[in-house]
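See below for the structure under consideration.
Derivation of every value follows stated rules applied to the coordinates shown; laboratory data play no part. Here the structure is a predicted model, which means the values were calculated and not measured. Please note: Cβ atoms are built from the backbone with ideal geometry, for glycine as well, and neighbour counts cover all protein chains shown.
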Amino acid sequence: MLEVHDLEVSYGTVHAVRGLSLAVGAGEVVSLLGPNGAGKTSTLRAITSLEPYHGSIRFDGKEVRGLGTEGCAKAGLIHVPEGRHVFPSLSVHENLQVGATAARGRAGYSFDDVYDLFPTLQNLRTREGWALSGGEQQMVAIGRALVAAPRLLLLDEPSLGLAPIVVKAVFQALGQVRASTPILIVEQNTATALTLADHGTVIVNGQAVLRGTATELADRRAILNSYLGQEEITA
């Protein structure tokens, strides 16, 4: 479904991503791991044509460079960026309605489906985005993406800044989403990401340094920790 080959992303003289290749197949969840500044966000931005790039990114056989950002969304390549970015003056339900504009007739999640996935939002339908907590905003951002009927869902740090109980709720919902929607996820919580993912790629300084199934990466804890600058992985 998604094929990235020899990806290069640069900002002036800074090479954020260098020769990265990865793939996401139908029905798969792939996690992109790495320390801060490794090039993970730049990779997602290139995939949705938000950043210029060299190399090849093909979604459903088509180069995304030719699609452009709007074309990527209309094709079902839906990106939930780091920081959530809900519309502050729109209500929860209005934010979800914005997502429907990218669905283009594809069968996807209904509004009721989103409220079932995130029961917390049930009683917040009329609350404006600016008045939501960080966790509530993340639920809205993911819900808005689901209403857009993604054929591939890209998630950038969905647990960032959230309380553990909220992280648990978000990943429980993603566990249900993965049954019908392939996912490429960038996540700082390595253990949580690997419980969701089938495969993972670790990048450091924009380059892939370690690949494997989620089980293989979890078993190679010491090596993974050394790349990520962590002392341990906790479940």
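Taking only DSSP H segments of four or more residues, each worth -39500 (n - 2.57), what value at 222 nm results for the chain once the sum is divided by all its residues, to the nearest 500 deg cm²/dmol?
Counting only the DSSP helices, I get -10000 deg cm²/dmol.
Nearest 5 percent is fine: what portion of the DSSP beta bridges confined to the stretch 2-228 is antiparallel?
Taking every DSSP beta bridge with both residues in the stretch 2-228, the antiparallel ones total about 60 percent.
If we restrict to alpha carbons, what Rg and Dmax does the stretch 1-131 come to, in Å?
Cα-based Rg and Dmax for the stretch 1-131 come out at 16.9, 49 Å.
Mind giving me the nanometre distance, one decimal, between the label points for T195 and R104, set 7 Å out from Cα along Cα→Cβ?
3.5
Taking neighbour counts of Cβ atoms within 10 Å as a proxy for exposure, in what order, fewest first, do Y11, Y227 appear? Present the calculation step by step, with values, prior to reporting the outcome.
Details: Y11 10, Y227 17.
Lowest count first: Y11, Y227.
Which of rounded, prolate, oblate describes the stretch 26-88, given a ≥ b ≥ c as roots of the alpha-carbon gyration tensor eigenvalues and a/c under 1.5 marking rounded, otherwise prolate only if a/b is larger than b/c?
Rounded is the answer for the stretch 26-88, as its axis ratio a/c remains below 1.5.
Compute the convex hull volume of the Cα atoms of the chain, divide it by the residue count, and report the result per residue in Å³ as a whole number. Each step should come with its number before you reach the end.
Numbers: hull volume 27.5 nm³, N = 235.
Enclosed volume per residue, from the Cα hull, is 117 Å³.
Using alpha carbon centroids, what distance separates the stretch 45-95 and the stretch 168-216, in Å?
19
Taking the Cα centre of the chain as origin, work out the dipole magnitude from +1 charges on Lys and Arg Cβ and -1 charges on Asp and Glu Cβ, in debye rounded to 20. List each step's numbers first, then the result.
On the way: 19 positive and 23 negative charges, 64 e Å.
Computed about the Cα centre, the dipole is about 300 debye.
So how far apart, in nm, are the two label points at D113 and T69 if each is 7 Å from Cα heading toward Cβ?
2.6
Kindly state, as a whole number, the per residue volume in cubic angstrom of the convex hull around the alpha carbon atoms of the stretch 55-128.
118
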